[in-house]
1. Fully extended, how many nm does the chain gain between TRP310 and THR144 (0.36 nm per residue separation, minus their Cα-Cα distance)?
2. Could you work out how far the C-alpha centroid of the stretch 1-76 sits from that of the stretch 366-393, in angstrom?
3. Amide H to amide H under 5 Å from VAL83: which residues, 5+ apart in sequence or cross-chain, H placed 1.01 Å off N in plane?
4. How far is helix 234-256 tilted off the main Cα axis of the chain, in degrees rounded to 10, range 0 to 90?
5. Taking amide H atoms as placed 1.01 Å from N in the peptide plane, list the residues 5 or more away in sequence, or in a different chain, whose amide H sits under 5 Å from that of ALA171.
6. Run through the stretch 155-199 and list the chymotrypsin sites (Phe, Trp or Tyr not before Pro) located in a DSSP loop whose Cβ has at most 13 other Cβ atoms within 10 Å.
7. Tell me the mean residue ellipticity at 222 nm calculated for the chain from its helices only (DSSP H runs of n ≥ 4, each -39500 (n - 2.57), averaged over every residue, nearest 500).
8. Using a simple spin-label model with points 7 Å from Cα along the Cα→Cβ vector, what separation in nm is obtained for SER17 and PHE375?
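Readers should treat all values here as calculations from the given coordinates under stated rules, not as data from a laboratory. Note that the structure is a prediction, hence the values are computed from the model and not measured. Every residue, glycine as well, gets a Cβ built from its backbone with ideal geometry; the counts of neighbours run over all protein chains shown.
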Amino acid sequence: MALIALVGASETLPDGSLRALVTVAGETLIERQAARLSDVGVTHIAVAVAAVPAELLATCDRIRRRGVKVTPVRAAADLMVLVEGDDRIILVADGLRAGGTHYAAIAKPGSPAILVTGDTPLTQMFERIDATRRWGGLACISDTMVAELAAMPGEWDMMLTLLRLAVQSGARRLYCEPALFEQGEIAIIVDRPTAVLIEQSSLQQVEYGGMGLGRSAIMMPLIRLAGPLLVKSPMTARYLPYVTALLWVIVALLAASGLAAAGALVAIFGGLGLAAMRFLSAFRAESAAQDRTRDVIRSFAWVLLASFPWLLSLSGPAHKMPLFAEAALAPCLAATILLARWLYEDSGARRRFHWLLPDADQAWIMLAPALLFGFASLMFAILPLLALLQILLWLRLARRPEAR
């Protein structure tokens, strides 16, 4: 049993271009849809088209290079060739922009399902389901519905007819609040001004949270200022992981060469790169893959922090052992940050006051001037104690509602 998707790509904008090819935050709608579908296990995407312009062909080629099969289809008979017994088919409305959680909900194993929402002025672009409900842009149907459509005489709109067959068969209805459409979390892009509004809304509402004083108070605010520029070009998301990884390799090389202060300064820029990757993961089609890449780079950066004094000992002919205050306390600092991350991840719904917790960005920002002016040993002694104090303060504040 396979999971296949049928994505609409035939509707046009007032200027004659395809709605599926509208760019929001540096990526086309259909590429974002393909990435979200890939995240939930779809390996073959059928693109419902009336014509296949060169721009759509080029976009489909980019999707194929990410490991997903793409096949243009014009009629139900074309779709039937791709479907085998017990396959499930996810329908994606033309021009839909939705979050990964909505794709995950509709792709869960089970009987056919339809994402629905209320009939409000904000949902008028979606197909009506009944007197009070409209389609939310996603549905999961069975192979028998595709066979039924293929057997129907005449020409039918594949997407809407399959949706109607799902409604008539009594498919489960997964409800999503109309407020999500007001916030721009789910939308049908009908023109370019709408795309601009959705992009601006996303920039304002994207979650910048997460653990750490350095990232929350310094790194992310800086990245947010540059946010509109970061999301404009797809090249940024493509090459940012390589640039960020290179920065951390340079940190290691500088430390091994004895240039401690320079290494710490480059580490700050490496932290900005990780923050930018976190920021872009809220927008970009490659978010799932880049999340894994970001985790690998962050782990390497954590190891660098723990072994930084030892790397410094490699420089010079004597290879002198680092001072105890640095050699022992640097791993303690890294371990304390790891403990803070574990406590934060395990806190579940109590993820409040996240900005109080220590993180690697805070450590590098404080280490850079200490290394530059020659009081690194003192700073390595202070930072673990400061990190423990931050954790204790966070535990006290985060658990305060439980005591009431």
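1. Contour length minus Cα-Cα distance gives 53.3 nm.
2. What the calculation gives is 51 Å, centre to centre.
3. none
4. Approximately 20 degrees, to the nearest 10.
5. none
6. Sparse-neighbourhood loop chymotrypsin sites (Phe, Trp or Tyr not before Pro): none present.
7. That calculation yields -16500 deg cm²/dmol at 222 nm.
8. 5.7
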